[in-house]
Amino acid sequence: MEHHLGAEPVEPTTTSKAALFEQLLLKDRALAAAAEGITIADARSADRPLIYVNEGFVKLTGYSIEEALGSNCRFLQGPDTDPEAVREIREAIAEERGCEVELLNYRKDGVPFWNRLSITPVRDDAGRTTHFVGVQSDVTRRRQAEQELRKANERLVAVNRRMRLELQAAAHVQQALLPRQMPELENIKIGWAFLPCEELAGDILDVLPLDEHRAAVYLLDVSGHGVQSALLATSLNHWLSRMPKKLRQDPVAVLNDLNRAFQIDPTRPQFFTCCYAVLDSRDQSLEFVSAGHPPPILVRDYRAEELDVSGFPVGIVEHPEYQLTRLDLQPGDRIYMYSDGVTEQMDASGNMFGSQRLCRQLLGNRAASLQSSIDEALQAVLNTTNDGKNNDDVSMLGIALLG
C-alpha cells in the first residue's frame, strides 16, 4: 500500500494486486531457472540457515533442496578449502557487506569443484540486514586451465633458463677461441675487438703464428647470427687452426680450400665472408685475400682509404678465382679488417654507420694506441643506436707497423 502526502492511503486495486503477484511469480521462475546456484540465507537467525535454494544449486552441488534448506552453506566446505577464503566470507557477513571469492567446495559425492561465490546483503526499509543472497558458479574448468597454463609457463621458464645457461656456456667456449697471446713480431702490433649481438656470434677472428717473422690473421663473418651461425663459425675456427702450416701461409690456397669444403647447402643457404692475410715483419708486407668481405681500411699519414679488393663469399660458386693482394707497409701504417656489422649498424633514423664514417673515425684516432683506436671506433658505432646495443655481430682486427 502506497502513502502520498496530503492524501488518504489508497488500497491496491484487484488489477494491481494481480500484476504484483505476476511479477513475484516471474521473479521466482527466473531464480529457479538460473544456471547459477542461487541461495538465500536468513541473516536474522543465529547460524544464518538457507531458506531458499534453486535448481541450479541442486545441479551444482548434488544436494537436494530438502537437504540444503535449514543448513548453513558451510556444508560445502572440505579439507582443502582455503581458510583465507572462508575468513573473508565470515568477515563480510559479520560486517554485513558484499564480497566475492573463489574457493574449493565439495559436491555431495565428494568431488571438489571451484566455486565463485558472490554474497550480497539484503536490507529492509530501516536499513537492517535481513538476508544474504548467494550466487555460485562452477569455475573449475577455468581454474584448471589457469593451472595448466601456469605449469606450462613454469616449464617454459625452466627450459629457457636451461637454454640460457647452455648458451652462456657455449659463449664462454667461443670466447676462448679468440686470440689470447699475440705473436711477437718486430715492430708489429695487432689488436682486436669482438662484440656479439647475442650470446653466440657468427663472427670469428684469430691470429696464427707461422714463424718468428710471420703470422696469419683472419676475420670471417657467417651469414645471420645466433646458434646456427656460431656453430659454423666455431667449426671454421677449428678447421683453420688445424690447417697445415704450408697451406696456412698461402691466403689464396686457404680460401680455395675453405670454398671446396664449405659449399652452400640448398636446404640451408648459409655462407660466410672472410678476409685472410699473411703478415711479414721482415719485409714489412701484408698479403691478403678478401672473399666477399668488406674491404680493409688503410690509415696512412693523414688519410684513410678502403683497399680495392673483391671476391665471392665462400661457398657461393665452385671456382671463385680468388686474387692475392700485396701491400707494402710503411712505418705508421694501420690496416683494419672488420665485419659488415660495423658499417651496417643503423641509427634511430635508419641510416647506416657506413664505411666513410668509419674511415673518418679511424683517421681521427690515429694518435691513439692501436687497441684504443679499435675500441673507440666500435664505441662510436654503438653510440649511434638508441639502446647502445648492436643489431648484428661486430668485430674488428687491426695491424700496425710501428714508426
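The values are calculated or read from the model by the stated rules, or taken from the named source; none is laboratory data. Note that this is a predicted model, so its numbers are computed, not measured. Heads up, the Cβs are rebuilt from the backbone with ideal geometry, glycines too, and the neighbour counts pull from every protein chain shown.
Please verify whether residue 253 is surrounded by 15 or more Cβ atoms within 10 Å (Cβ to Cβ), more than 30 Å from residue 382 (Cβ to Cβ) and small (Gly, Ala, Ser), treating the condition exactly as stated. Let's see the steps before the verdict.
Values: surrounded by 15 or more Cβ atoms within 10 Å (Cβ to Cβ): yes; more than 30 Å from residue 382 (Cβ to Cβ): yes; small (Gly, Ala, Ser): yes.
Taking the combined requirement at face value, the residue satisfies it.
Out of 140, 130, report the one residue that is of a type in the set (Ser, Thr, Tyr) and closer than 21 Å to residue 44 by Cβ.
On the way: 140 fails: closer than 21 Å to residue 44 by Cβ.
Unique residue meeting the criteria: 130.
Looking at (1) at positive phi; (2) at pLDDT 90 or above, find the lone condition where residue 211 falls short.
(1)
Return the pairs, sorted by first residue and then second, in which the second residue is in a strand (DSSP E or B), the first residue lies in region 93-109 and is among the hydroxyl-bearing types (Ser, Thr, Tyr), the beta carbons are less than 7 Å apart, and the residues are 6+ apart or on different chains.
Filtered contacts from region 93-109: 106/112.
When you look at residue 212, is it part of a helix (DSSP H, G or I) and more than 30 Å from residue 123 (Cβ to Cβ), yes or no? First the steps, then the outcome.
Details: part of a helix (DSSP H, G or I): no; more than 30 Å from residue 123 (Cβ to Cβ): yes.
Spelling it out, it is not the case that residue 212 is part of a helix (DSSP H, G or I) and more than 30 Å from residue 123 (Cβ to Cβ).
So, in region 288-306, exactly how many residues are under 14 Å from residue 251 (Cβ atoms) and within 40 Å of the chain's Cα centre (by Cα)? Break it down into steps so the answer makes sense when it comes.
Looking only at region 288-306, we keep the residues that are under 14 Å from residue 251 (Cβ atoms), and these are 288-291, 293, 296.
Of the ones still in play, those that are also within 40 Å of the chain's Cα centre (by Cα) are 289-291, 293, 296.
Qualifying residue count for the region: 5.
Assess whether residue 158 counts as being touching a Pro at 6+ places or on another chain (Cβ under 6 Å) and either small (Gly, Ala, Ser) or on the phi < 0 side of the Ramachandran plot (or both). Explain how you work it out, then say what you get.
Values: touching a Pro at 6+ places or on another chain (Cβ under 6 Å): no; either small (Gly, Ala, Ser) or on the phi < 0 side of the Ramachandran plot (or both): yes.
In short, no.
Considering each residue of region 294-309, count those that are out of contact with any Pro (no Cβ under 7 Å at 6 or more places or on another chain) and surrounded by 12 or more Cβ atoms within 10 Å (Cβ to Cβ), and give that number.
Residues in region 294-309 being out of contact with any Pro (no Cβ under 7 Å at 6 or more places or on another chain) and surrounded by 12 or more Cβ atoms within 10 Å (Cβ to Cβ): 9 in total.
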